[in-house]
1. Kindly indicate whether His13 is in contact with a helix residue (DSSP H, G or I) (Cβ under 7 Å, 6 or more places away or on another chain), open to solvent by 30 Å² or more (accessible area, probe 1.4 Å) and more than 20 Å from Tyr148 (Cβ to Cβ).
2. Does segment 287-306 contain at least one residue that is within 14 Å of the ligand (Cβ to nearest atom) and not assigned by TED's automatic domain parsing to the domain that holds Gly362?
3. Considering only residues that are more than 13 Å from the ligand (Cβ to nearest atom) and not aliphatic (A, V, I, L, M), which ones fall in segment 93-107?
4. If we keep just the residues of segment 242-267 that are away from the ligand (no atom under 16 Å from the Cβ) and in a helix (DSSP H, G or I), which is farthest from Glu302 (Cα to Cα)?
5. Considering segment 100-114 alone, what residues qualify as being closer than 16 Å to Ile152 by Cβ and among the aromatic types (Phe, Trp, Tyr)?
6. Mind checking which residues of segment 77-134 are at positive phi and in contact (Cβ under 8 Å) with a residue 12 or more places away in the chain?
7. Testing Lys358 on (1) outside the structural domain of Val388 (by TED's automatic domain parsing); (2) closer than 23 Å to Trp257 by Cβ, one condition comes back false. Which one is that?
8. Residue pairs, Cβ under 9 Å, 6 or more apart or interchain, first in segment 230-245 and assigned by TED's automatic domain parsing to the domain that holds Lys180, second among the β-branched types (Val, Ile, Thr) and more than 14 Å from the ligand (Cβ to nearest atom). List them.
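The values are calculated or read from the model by the stated rules, or taken from the named source; none is laboratory data. All figures in this text were calculated on a predicted structure; none of them were measured in a lab. Here Cβ is always computed from backbone atoms with ideal geometry, including for glycine, and neighbour counts include all displayed protein chains. Side chains included, ligands, DNA and RNA excluded: accessible areas come from the protein's heavy atoms. Shrake-Rupley method; radii C 1.70, N 1.55, O 1.52, S 1.80 Å.
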Amino acid sequence: PRQDTIALKHGAHRMGNRTDADMVRWRSLRFGQFIHWGLYAIPAGEWNGKTYNGAAEWIRSWKEMPHKAYDQLYRQFNPVNFNPQQWAAQAKAMGAKYMIITTKHHDGFCLWPSKYSKYTIAASPWKKDLLGPMIDAYNKAGIDVHLYFSIIDWNHPDYRASLKNAADSAAGKRFQVFVKNQLAELLQRYPTIKGFWFDGTWDDSWKNDGAFSDELEQYLQALHPGLVMGSRLRADEKGARHFDSNGRLMGDYEQGWERKLPATIADVHGNDWEAVMTVPENQWGYHAKWMGHVKTVNEILEMLVKSVSLNGNFVLNFGPKADGTYRAEEQQLAAGIGEWMKVNGAAVYDGTYAGFEKQDWGYYIRKSGTDSVYMVVFNMPVSGSLRVKLPARTELTGVSMMQGNVALAPEWIGRNEYFIHLPNKQQESPMVILLKTVKGE
Ligand code: JFZ
């Protein structure tokens, strides 16, 4: 291993990926659901007859919407059609194995009745906890739950983006205690959660106190051993985020893949990673008027498969409406993804980088620790023939189509290359072929 050049107290504390059971589990799940739900679902990207072109959950920062108006929305938050069992059933049918829910976004509104804030679900007409029933329903459906938590808090009087004087510093200290209290409260109330997904950590007040985020991470690990937390939480003592000043990843996985994916395995530097993706261009919370391209089932499947083929997890975002229901586009998308996953999910779960030379037809995924390699075909060649080049000292012992378990006879091209000829060149969705291999001399 290369030598670190800078001595750091609050840099990375681990070399390489975590190998414990909780992390192995997280890594095997591969497909997650993100949910952005909060007060921003009420204006839904519109105020006073005007449409906000930014992300719906950021509407409070729009000059057209007075803070005062936004900060009264909690008086209307009443998701009468909220059905956590239905939410969990939809996620399960889609094939998601974990879920990340916004406990508190930048606006500071808490979906749980936090005893450290008055700005919570308890003050709304709904009154009751939303997180507890949601976590229970998802867990019952066999889905792990992680909690999104924004450090930026537009509602808290002590939050400062930067600390400019002694009064700011004092407020900053109080704010840190508040954050610690809320996180401990979440762990205490919801002991089945598997991790935190931190956000809103880019302000100077946070970046310039690497000691605090380091201690916070260790404090949470001690309260709840095995917790999974990404690289967005911490900064080192020089203000470097995600990667410390020596270029080493902080946290359990790289959390910077936001609405973008790595292109090749070299881009992930051997680290665990997760990508989060919106359905339209850039909307996380519910926006009544989606702008720009809306991703299709096949586009999402390709992103999921590509992520897994490069050792990553893929998380698809949903933005439920204020009444607790999902827009039709999201319901249809979830159902369409689920249809494919039902047949082909085995290629995704517990999938890893295969170590095969990439071909233009799509992606290889290796079932972790085995000689089973899936080919997921997104770009069918007009010839109907798929080229496979085996790595050195690998033999092909079986080829079959996932759908219907139909055996195929590969044609040997020469050296270590084969063609797989497909009976049908027409395909409406990505098709999967399973290769069985053995290691030779
Ligand atoms: C943040 C939030 O501001 C946004 O509302 C949403 O919750 C999203 C998941 O996270 O937005 C970001 C954060 C980081 C990057 C981009 C948008 N980034 O690192 O490129």
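1. Taking the combined requirement at face value, the residue does not satisfy it.
2. yes
3. Gly95, Lys97, Tyr98, listed by residue number.
4. Filtering segment 242-267 for residues that are away from the ligand (no atom under 16 Å from the Cβ) and in a helix (DSSP H, G or I), the one farthest from Glu302 (Cα to Cα) comes out as Ala266.
5. Phe109
6. Gly95, Gly108
7. (1)
8. Within 9 Å, the pairs are Asp236/Ile6; Lys238/Ile6; Asp244/Ile6; Ser245/Thr5; Ser245/Ile6.
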